[in-house]
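The values are calculated or read from the model by the stated rules, or taken from the named source; none is laboratory data. As the structure is a computational prediction, the values presented were derived from the model and not from experiment. Reconstructed Cβ throughout: ideal geometry from the backbone, glycine too, with neighbour counts over all protein chains shown. The area values use the complete protein model at the heavy-atom level, side chains included, leaving out ligands, DNA and RNA. Shrake-Rupley method; radii C 1.70, N 1.55, O 1.52, S 1.80 Å.
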Amino acid sequence: MGSGLNVVPGWINIDGNINLLFKKFPKFFLKIIYKTTGVKKWFSEDYFIKTLKENYFIHHNIRYGLPLPDESVDYIYTSHFLEHIYKDEAEFVIKEFYRILKKGGKVRVVVPDLDYVIDLLNKGKKEEGLSYFFPESRADEFSRHRYLYDFEMIKNLLKRAGFNSIVKRNFREGDFPDVHLLDNRPKDSLHCEAVK
């Protein structure tokens with residue numbers, strides 16, 4: 001959920017990224033699109049085209065709910081997405097996760113760790129710490145953080161939605177399929193798993 005172009009083969013990827021709308025376009029057109037978007041800051045042209053062509057995407061704004069039936073999925077993975085929406089929207093999205101997961105299904109939530117950010121500030125690394133709260137420019141408006149979490153806050157968010165067995169995990173560790181491929185940000189991330 002909120003995958004952008006950070007995907008793992010075999011997963012259904014749901015995101016509101018406008019680039020996903022061009023998935024079915026021919027490669028020559030995708031080359032033009034690539035040159036006009038900010039995605040080139042993070043991904044090569046080859047990766048951009050290959051990822052769009054070889055993976056399954058649903059273009060959807062998750063803030064309006066998830067386009068999947070009740071109790072229809074076994075696993076949900078989201079990484080560095082929840083902090084980009086407001087707290088009340090995150091509450092709604094987590095409830096949607098609960099709704100679409102099968103009984104016994106698992107969710108893995110990865111967000112920037114507020115404790116990590118506070119540690120940066122305490123160490124005098126003010127600009128690095130403040131970058132988690134404020135975008136560097138207006139051009140980064142879509143990547144702006146709207147809320148941050150520590151483990152207790154994520155745990156409470158998941159608990160209010162009905163999840164149980166909520167545990168903090170390490171990078172690429174846990175009881176979750178493809179975790180060694182899905183987790184991709186070891187330095188500043190908080191990793192949590194929960195069960196419906």
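The residues of the range 67-194 present an accessible area of 54 Å² per residue when probed at 1.4 Å with all protein chains retained.
Its residues counted as N, the range 39-114 yields a C-alpha radius of gyration over 2.2 N^0.38 Å of 1.27. With a/c under 1.5 counting as rounded, go ahead and sort the chain into rounded, prolate or oblate using the C-alpha gyration tensor (a ≥ b ≥ c being the square roots of the eigenvalues; past the cut-off, prolate if a/b is larger than b/c, else oblate). It comes out oblate by the Cα gyration axes. Full extension of the segment from Leu121 to Tyr56, taken as 0.36 nm per residue of separation minus the current Cα-Cα distance, would add 19.4 nm.
Of the chymotrypsin sites (Phe, Trp or Tyr not before Pro) found in the range 1-69, those that fall in a DSSP loop while having at most 13 other beta-carbon atoms within 10 Å are Trp42. Expressed per residue, the C-alpha convex hull volume of the range 1-78 stands at 96 Å³. Of the GluC sites (Glu not before Pro) found in the range 85-169, the ones in coil according to DSSP and having at most 15 other Cβ atoms within 10 Å of their Cβ are Glu136.
Working note: Cα gyration tensor of the range 83-126, eigenvalues times five, square-rooted, sorted largest first, giving semi-axes of 31, 13, 5 Å. Shown for the range 50-113: the carbon plus sulfur share of the solvent-accessible area, taken with all protein chains present and a 1.4 angstrom probe, equals 49%. Remark: the Ser44-Asp150 segment gains 34.9 nm on full extension, using 0.36 nm per residue and subtracting the alpha carbon distance. Of all lysines in the structure, those lying under 30 Å Cα to Cα from Lys23, and not within fewer than 8 positions of it along the same chain, are Lys31, Lys35, Lys40, Lys41, Lys50, Lys53, Lys95, Lys102, Lys106. Under DSSP H, which helices of the chain have Cα atoms covering 27 Å or more of the helix axis and a Kyte-Doolittle average no less than 1.6? Counting only whole DSSP H runs, no helix qualifies. Shape summary of the range 138-196, radius of gyration then Dmax from alpha carbon positions: 13.5, 40 Å.
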